[in-house]
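*Asks:* To start, I am sharing the structure in question, which I have written as structure tokens.
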Amino acid sequence: MPNYDYHCAANGRTLEVKHRMSESIATWGELCALAGVATEHTPVDSPVAKVLSATFVAAGGQTANKASAPAPSGHRHSAMCQH
């Protein structure tokens, strides 16, 4: 099962949980129950949003996050490049 990050605007917290792709999490209460943490002072019906993250997947399902070969200038392109 994949990991997902969800953000709650009501409290500014982001939690990582693992669940099936077919499942959806809509509220802070659902998220906390799945993560096994207390809701604390945040209302359980506060909405949460899935945070999109960049994951690079190569053929064969392996994560490919290694820098490429250096360009003629010597610069190595990587996931952190801003150009």
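*Asks:* Taking the stretch 23-50 as the search range and keeping residues that are under 16 Å from the mean Cα position of the chain (by Cα) and assigned to a loop (DSSP other than H, G, I, E, B), which one is nearest to MET1 (Cα to Cα)?
*Replies:* GLU23
*Asks:* Tell me which of these ALA69 doesn't satisfy, since it passes every other one: (1) of a type outside the set (Asp, Glu); (2) modelled with pLDDT under 95; (3) touching a Ser or Thr at 6+ places or on another chain (Cβ under 9 Å).
*Replies:* Failed condition: (3).
*Asks:* Only residues in the stretch 26-42 that are touching a residue at least 12 places away in the same chain (Cβ under 8 Å) count as the first member; pair them with residues that are charged (D, E, K, R) and part of a loop (DSSP other than H, G, I, E, B), Cβ under 6 angstrom, at least 6 apart or cross-chain, and list the lot.
*Replies:* THR27/ASP45
The values are calculated or read from the model by the stated rules, or taken from the named source; none is laboratory data. Everything numeric here is computed off the predicted structure, so don't read it as measured data. Please note: Cβ atoms are built from the backbone with ideal geometry, for glycine as well, and neighbour counts cover all protein chains shown.
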